[in-house]
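Trainee: Have a look at this one.
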Amino acid sequence: MYLFCAYAYAISLCNFFFFFFFCISTGNNYAKENVCQELKSIGIQKFKEMVTVLYRQKFPNGTFQEVSCVADEMIKLAEKCCKDDASPGCYDKGATEISEKSCGKDSPFPKHPGIEQCCTLRDELPSLLEPTNEEICTEFPKDEKDYAVRYVYEFARRHRNIPAGFVLNVSKNNVRIAERCCHPSVKNSCFLQEERLQMRSSNIFLRFLSNVCNNQVNLKSFRFGLSAYYGNLLGLSFEEASAISGRFQSGLEKCCLQPQPECIIEELASFQKVLCSESKLDAMSEDFRKCCSKPALDTLPCVDDLKRQPCQSETQPHGIDRYLFLIGVNHASISLPVLTTVLDQIKNTVTAFGYCERLQSF
């Protein structure tokens, strides 16, 4: 009973984390895709009703006017940005405006506990929106050396836990693109070819690397979340998932903060061979096999995008690690950072109540 209460308490934190990430996140393609898919699936009227229900549940102390206001803002955003002809930055811009509005002194939205801390963190975090082609070509000619230094500074601020060599390489490529593309006769087509086609793969990899290195550096119980993640994704037992996640985490621990990128490249290439070994591929989905057919540094971001499903595991876990693993593999819809934080809270709560010995004796 006590263990169940600890679990339920920790899972309830997910609502807070959802709101927290909503406040500080802008430009979340995953969120946009889900919102637009839901709108298309159920229609605008049902969508309005669903949004109203969700926000009423999220803000139980909010007045009707406050809940209606935030629901209306989200509905307007969805209606505007889910159209086929909507601009690529429509959802990013709208979400940012709603976030800023929620942090205003005279915000018409419900007052949620912890909103002040959320808004403080939002102000401290850099924007994740990339400069437009016009902004690049306005700033670059003014002072090319200063532009390069500022770009290095900004990119390093956004990606604090990846090898410095990656930051320098990205900055060098950005300056090279600006040199080639900031001419009226070729600007749009040049940026399209360079950014959208040639650099797409490297940008996806850097986002993946930044995410996993941030998790490694900042999340206390990352190994628990990682074991559950791979156990869920690959349908592995506790022992198998612990072994493969341990291999991955040891590489991150060794290389994320190394200045030169060669270390992490070698570790990830080695891990790809383990992840995609022939003994595993026969039992994996077609999508997983497609990911494994890609170059080593493209495989892991590809696998990371695969949809996970809750899977069956042992019904009577033995020990706290297995207990956390069982919880993790049965909650496939929770993102890895949130899952790790929840598992850490469960572990701390169980330990504080002195139930680790009982778990070990099951």
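Trainee: Figure the gain on full extension for LYS76 and LYS111 (residue separation times 0.36 nm, minus the Cα-Cα span) and round it to one decimal in nm.
Mentor: 10.5 nm
Trainee: Applying 1/(1 + (r/R0)^6) with R0 = 41 Å to the Cβ-Cβ distance of GLU100 and GLN258, what FRET efficiency is obtained, to the nearest 0.05?
Mentor: Efficiency, rounded to the nearest 0.05: 0.65.
Trainee: Could you list the residues of region 59-101 with an amide nitrogen less than 15 Å from a label point located 7 Å from the Cα of LEU192 in the Cα-to-C-beta direction?
Mentor: 88
Trainee: Additional query: Rounded to the nearest 0.05, what FRET efficiency do SER185 and ASP305 have when you use their Cβ-Cβ distance and R0 = 41 Å?
Mentor: Computed FRET efficiency for SER185 and ASP305 comes out at 0.65.
Trainee: Grab the beta carbon distance between ASP287 and ARG160, set R0 = 41 Å, and tell me the FRET efficiency rounded to 0.05.
Mentor: The calculated FRET efficiency here is 0.80.
Trainee: With an 8 Å Cα cut-off and a minimum separation of 6 or more residues, compute the relative contact order for region 201-294 in percent.
Mentor: 20
Trainee: Is any residue of region 267-294 close enough, with backbone N under 20 Å, to a label point placed 7 angstrom from the Cα of GLU33 along the Cα-Cβ axis, and if so, which?
Mentor: Residues 285-294 qualify, since their backbone N sits under 20 Å from the label point.
Trainee: In addition: Can you list the lysines whose alpha carbon is less than 18 Å from that of LYS145, not counting same-chain residues fewer than 8 positions off?
Mentor: Of all the lysines, those that pass the test against LYS145 - Cα under 18 Å, at least 8 places apart if same chain - are LYS172.
Rule-based calculations on the coordinates, nothing more; no lab input. Computed from a predicted model, the values in this text were never measured in an experiment. Virtual Cβ from ideal backbone geometry, glycine too; neighbours counted across all protein chains shown.
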